[in-house]
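Reviewing the structure listed below.
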Amino acid sequence: MKNTALYNAHLACGAKIVPFAGFNMPVQYEGVTVEHETVRNKLGLFDVSHMGEFWVKGPRALDFVQWVTSNDASRLFNGKVQYSCFPNDRGGIVDDLLVYRFAEDSYLLVVNAANIEKDWAWCNSQNKMGATLINASDDTSQLAIQGPLALKAMQKLTNTPVLDMEYYTFKILTFAGVENVLFSTTGYTGSGGCEIYFDHAHAMHIWEAVMEAGKEYGIKPVGLAARDTLRLEMGFCLYGNDIDDTTSPIEAGLGWITKFTDEKDFVNKAYILKHKTEGVTRKLVGFEMIDKGIPRHGYEITDAAGDQCGVVTSGTMGPSVKKAIGMGYVPPAFAKEGSEIFIRVRDKLLKAVVVKFPFYKV
């Protein structure tokens, strides 16, 4: 197992450490609920240095990004970020990712930690156009400062204006005295904030500076467990749970990041287009529990007669919504808002109802 550059900082904060995606990572510090609510109402600090970073450079950089990702990267401008996915050659998803445009010939792809090796091999296998690919994952630390007070606190650490930055944009700036920090108004919590990227050598200094700058606003370190409850309340997919190599972007409700324009070709476009035009046999939905019980990954979804019609992909008790919530795949007949479904929990059928995402509404 690898350690991030901030492993000792986590121990000093009393973190419970667990193995995750090949790293020893903090799952929680004070507790999931208090960390979750800190992000919703104030600001929290996550170490997400386990994530992967691939540079795509050269005159064919855009051609490569267009081919390997589902979204339309030609719409990006310098300083803009885009959510996308890597379609595979079987109609599923290799990974979901962020695409950063630095210049016409320079892009950064940020991928999930558990998929770094798989994604790197996939990208190289698809690089028929000869773009320059650089795997910077082992050289890059990343922090996520999330919450409604995050940008206000982080403005104290840079002279570059960040309070008025639009969602999904980025700047290269001097941060806490460190030059060339990538400051991005992205995140997977639904509560605003930023993510910052920098060299490992500056990790402890920047961690301490962020904690100090956020002290007056009630900042706390936050672990993976609250990161999961926060994203689930927003209906954000988690790779390996809600999407994987067998799930189509259309099935997963990611049609909005799958662009079928005449100008753009991408891996397996024709097959995925059939999913859009002819329909799919299952859809990812959100649901709230009516009966008392917590849905978990892998639990059966059934009809009223107890016949299985789907499977739970993610589930928890939502700390902010104060309800047991979940996501799962069901046939289109059960996917409409208000549809009654049942979750099999310890051989009991517990009633639930399909609802629209997000569960948590600001």
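Derivation of every value follows stated rules applied to the coordinates shown; laboratory data play no part. Please read all numbers here as calculations on a predicted model, not as lab measurements. In this analysis, Cβ positions are derived from the backbone assuming ideal geometry, glycine residues included, and neighbour counts consider all displayed protein chains.
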Inset, instruction - Give me the distance between the Cα centres of region 208-231 and region 266-308, rounded to whole Å. - result: 33 Å
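Sorting check: for 93-101, 34-42, which peptide has the highest mean count of neighbouring beta carbons within 10 Å, and how do the rest follow? Working shown, then result.
Numbers: 93-101: 23.4, 34-42: 21.4.
Going by the mean number of other Cβ atoms within 10 Å, highest first, we get 93-101, 34-42.
Sorting 137, 191 on the 10 Å Cβ count, fewest up front, what's the list?
On the way: 137 19, 191 24.
So the ranking, lowest neighbour count to highest, is 137, 191.
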Inset, instruction - Can you pull the one-decimal nm distance between simple spin-label points at residue 291 and residue 199, each 7 Å off the Cα toward Cβ? - result: 5.9 nm
Legend entry - Cβ crowding within 10 Å averaged over residues, with 220-231, 203-214, 240-251 ranked highest first: 220-231, 240-251, 203-214
Legend entry - Of every Cα-Cα pair in the chain, the percent that sits beyond 29 Å: 43 percent
Inset, instruction - Loop only per DSSP, at most 15 neighbouring Cβ atoms within 10 Å: give me the trypsin sites (Lys or Arg not before Pro) in region 279-362, ordered by residue number. - result: 292, 296, 322, 336, 346, 356, 361
Inset, instruction - May I ask you to give the average projected area over all directions of the convex hull of the Cα atoms of region 281-355, in nm² rounded to one decimal? - result: 4.3 nm²
